[in-house]
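The values are calculated or read from the model by the stated rules, or taken from the named source; none is laboratory data. The model shown is predicted, which means the values in this text are computed figures rather than measured ones. Note that each Cβ is placed from the backbone with ideal geometry, even for glycine, and that neighbours are counted across all protein chains shown. Calculation scope for accessible area: heavy atoms of the full protein, side chains included, ligands and nucleic acids excluded. Shrake-Rupley method; radii C 1.70, N 1.55, O 1.52, S 1.80 Å.
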Protein chains: 2
Amino acid sequence: VAAQSLDLSHQTGTTRVWIGPGALAQAAAEVSPWLGRRKVFVVSSAPVRKLHRRSIDSLLDAAADVVELEVPDGESAKSFATVERLTREMVIAGGKRDSRLVILGGGTVGDVGGFTAGCFLRGIDYAQIPTTLLAQVDAAIGGKTAVNLPEAKNAVGLFVQPRWVISDDRFLRTLPPEAIRQALFEIVKTAILGDRALFELVESSLEKLLAGDPEVLAQAVQRTAAVKIGIVAADEREGDRRRLLNLGHTLGHALETVVGHGELAHGDAVGYGLLFATVLGERNQLAGPDAERIRRLLGRMGLPRLAGLEARALSEVMARDKKARESGLAWVLPVAIGGAEVVELARGAVDHELASFLEGSVE
Amino acid sequence: VAAQSLDLSHQTGTTRVWIGPGALAQAAAEVSPWLGRRKVFVVSSAPVRKLHRRSIDSLLDAAADVVELEVPDGESAKSFATVERLTREMVIAGGKRDSRLVILGGGTVGDVGGFTAGCFLRGIDYAQIPTTLLAQVDAAIGGKTAVNLPEAKNAVGLFVQPRWVISDDRFLRTLPPEAIRQALFEIVKTAILGDRALFELVESSLEKLLAGDPEVLAQAVQRTAAVKIGIVAADEREGDRRRLLNLGHTLGHALETVVGHGELAHGDAVGYGLLFATVLGERNQLAGPDAERIRRLLGRMGLPRLAGLEARALSEVMARDKKARESGLAWVLPVAIGGAEVVELARGAVDHELASFLEGSVE
């Protein structure tokens, strides 16, 4: 497997995405002129900087001036306070509209860094260099950026596309197995909603993937990214098509909120969300054998037990979901392995299913 | 003069702008369905709310639910702190992606309200109802939104177009004469860069305009807005064409920073900026008689004396201007009454002219 490049066309231009072994080296020829003789801000967190900053040294050679910006490690980075501090540092460092911003890190660094690029001087060009599996298959692609409010995660943000995404597999070698396992839930989500062959790849190679096998991982990353790029290109601003990517996330987000983001990992939450969407899908048009395959694969991925959850609390949180319209909550349901659709469901019906689902899943 | 409507086409759709007597009533038929059965957030300041909130009561009749949001009066409203508070209130009130935001106020309310609409849940539709002359002819049109940083005004913001702009002349009746005088500098700026007939209207009717004569004012507002709409439609993201609107603002912003925003009003600062751009314009291709007419008109508008200014301090601030590119500072210079162009000037040459200009203008 070698790096491949895919183009994502959108309202404001094109994002070129390189994915796979040697992506950084392959991208350099095109990205260097874009950095050439500019002031370049590199946004990263301390742990990522320590592990990976040197990997982009040669990419940054063309820059006139490199200014390092640091954000806290973890979800707490995603705040207005961080954006305010970063933009102040950028003003003080002499940032201009034709300066560039390069994000090196996982999803949270990407979210707050992208938001910063999108609003500094009303927007400067930026690049995403995702260093986690989760960011490579999901967060870094599609231009969604965000910060959190105390009341709601990702409640503030921008759709603002990076000019480049460079997903080099070298970054994946340092990931702990648990980070890979968590990200696999997003890969499985993508497979269920849009790529049956990817689902079969995960089915047949789950153990290799969990062990971080570079060859299979590269294939899975490329396929997952390709599905996401196709969907975002068709629907940048999250009309019905892009909403398919929320498969498993409606209940997933609610679980994270109710259990606590520190207590339940995002991947596991999405795993439960996928299980519940499969239940609802069967009440819709998902055939039993496909539902059974989904359940079997998720079962092999090792979901933690949940304790003491109440359907009512989850239902309340879901009603405040930012994807909720005033007209009601749209659910993404699998219709087969490799396809999904958006269905608006009455809250009462969902609450009923949710109660039985929790009885079966919760200690 | 009756209200007219003009359409501004841009990357994400069309903004319809109503301007003049009866604009609110005329807009209602189209705007009501857009508000229909939605949660509507009304962003305003206490003084504006007191004076004008009832004027939009009937417009809001169609809404399911109206939530009032208040921002501080004046420039201090334009902060990350305000945006964070507003978005938190919107989450708590149950705001959704298809909720609407209506901004009632002048430029500062418009800037921070527009930024809030642009990033809440990654962007919700909004309308501008500008209540000041300055906002009607300038700030409310074109989708520029912003907050300030301690280091720089408008250093953070978004290009995000409102769905509607409703500039009713009823709001202008309560404006103090000084607010009208300040806004006239933007009208004269627009006349110089793009509408000779508008310049002649101001020349022939300056006293009526200063006195708030509704008939002449409505004509001037409509003509000024039309020029701005034409420019923004051709160049939404401030390439060279939209930069023409910065005529007089390069020195103007620097003066505000150095003298202090509380000490020197924006219009007066732009007035000085126009005088200086006229000097530079004469060194370029502006003919003497046109330069003289510009100076004469600005002279009649009553600029305050400036004291103890140093060219070096202004030059330093201009070098940090957010419109500066890393390559240098582009100046907008009049080439005739009714036309301007962007010229890149070496800092040394400008500093030299600025020193003599200050000698002639500063006590």
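Miscellaneous remarks
- Check: the protein assembly as shown dipole with +1 on Lys, Arg Cβ and -1 on Asp, Glu Cβ, in debye: 260 debye
- Solvent-accessible area, 1.4 Å probe, carbon plus sulfur percent, for the stretch B:201-271: 49 percent
- Solvent-accessible area per residue for the stretch A:28-134 (1.4 angstrom probe, square angstrom): 33 Å²
- Heavy-atom accessible area per residue - the stretch A:144-290, 1.4 Å, Å²: 33 Å²
- Prolate/oblate/rounded call for the stretch A:4-119, Cα gyration tensor, a/c under 1.5 rounded: rounded
- Interface residues, the stretch A:53-97 - accessible area loss of 40 Å² or more versus chain alone, probe 1.4 Å: A:80, A:84, A:88, A:91, A:96, A:97
- DSSP beta bridges fully contained in the protein assembly as shown are about 45 percent antiparallel.
- Take residue B:94, move 7 Å from Cα toward the beta carbon, and the resulting point lies 5.3 nm from the same point in each other copy, nearest first.
- Tensor-based shape of the stretch B:234-273 (alpha-carbon gyration tensor, a/c under 1.5 rounded, otherwise prolate or oblate): prolate
- Share of pairwise Cα-Cα distances greater than 38 Å in the protein assembly as shown is 42 percent (whole percent).
- Top of B:105, B:157, B:248 by mean-square fluctuation, Gaussian network on chain B, Cα under 10 Å: B:157
- Helix A:214-234 and the longest principal axis of the Cα set of chain A meet at an angle near 90°.
- Per-residue SASA entry for residue B:350, accessible area with 1.4 Å probe, Å² rounded to 10: 10 Å²
- For B:137-148, mean number of other protein chain Cβ atoms within 10 Å: 1
- Note on residue A:12 and residue A:241: the model spin-label points, each 7 Å out from Cα along the C-beta direction, lie 2.0 nm apart.
- Diffusion coefficient, µm² s⁻¹, Stokes-Einstein with Kirkwood Rh over alpha-carbon pairs of the stretch A:119-230 at 25 °C and 0.890 mPa s: 164 µm²/s
- With a 1.4 Å probe rolled over the protein heavy atoms of all chains, the accessible area of A:156, B:227 falls in the order B:227, A:156, largest first.
- Between chain A and chain B, the total buried accessible area stands at approximately 3900 Å², from heavy atoms with a 1.4 Å probe.
- Legend: calculated FRET efficiency, residue A:46 to residue B:316, from the Cβ-Cβ distance at R0 = 35 Å, rounded to 0.05, equals 0.55.
- Each eigenvalue of the Cα gyration tensor of the stretch A:165-205, multiplied by 5 and square-rooted, gives one semi-axis; in descending order these are 21, 13, 10 Å.
- Distance between the modelled labels on residue B:57 and residue A:203, one decimal in nanometres: 6.6 nm (7 Å Cα→Cβ projection).
- Reference-scaled alpha-carbon Rg (2.2 N^0.38 Å with N residues) for the stretch A:85-130: 1.05
- Projected label points at residue B:305 and residue A:25, each 7 Å from Cα along the beta carbon direction, are separated by 7.2 nanometres.
- Degrees separating the helix B:177-194 axis from the principal Cα axis of chain B, which is the longest one: 70 degrees
- Cross-linked pairs A:39/B:228; A:153/A:189; A:144/B:39; A:228/B:39; A:50/B:153; A:78/B:228: Cα-Cα separations exceed 30 Å for A:39/B:228; A:228/B:39; A:50/B:153; A:78/B:228.
- Alpha carbon Rg of chain B, scaled by the compact-globule rule 2.2 N^0.38 Å: 0.97
- For residue A:153, the accessible surface of its heavy atoms amounts to roughly 60 Å² (probe 1.4 Å, protein chains only, rounded to the nearest 10).
- Between the Cα long axis of helix B:266-284 and the first principal axis of chain B there is an angle of about 40°, rounded to the nearest 10.
- Accessible surface for residue A:73 stands near 110 Å², nearest 10, in the context of the full protein assembly shown (1.4 Å probe).
- DSSP beta bridge pairing in chain B, given as percent antiparallel to the nearest 5: 45 percent
- Annotation for the stretch B:106-155 versus the stretch B:178-237: alpha-carbon center distance of 20 Å.
- GNM on chain B, alpha-carbon springs under 10 angstrom: the most fluctuating residue among B:87, B:145, B:131 is B:87.
- Candidates B:349, B:23, B:220, ranked by Gaussian network fluctuation over chain B, Cα under 10 Å, top entry: B:349
- Relative contact order [Cα under 8 Å, 6+ residues apart], chain A, whole percent: 14 percent
- Distance between the C-alpha centres of the stretch B:1-56 and the stretch A:254-283: 42 Å, rounded to the whole angstrom.
- Treating each Cα of the stretch A:52-139 as one equal point scatterer and applying the Debye formula with no solvent, the log10 of I(q)/I(0) at q = 0.23 Å⁻¹ comes out as -1.28.
- Inter-copy label distances at residue A:211, shortest first and taken from points set 7 Å along Cα to Cβ: 9.2 nm.
- Positive-end ranking of A:342, A:174, A:331 along the dipole of chain A, with charges on Cβ about the Cα centre, is headed by A:174.
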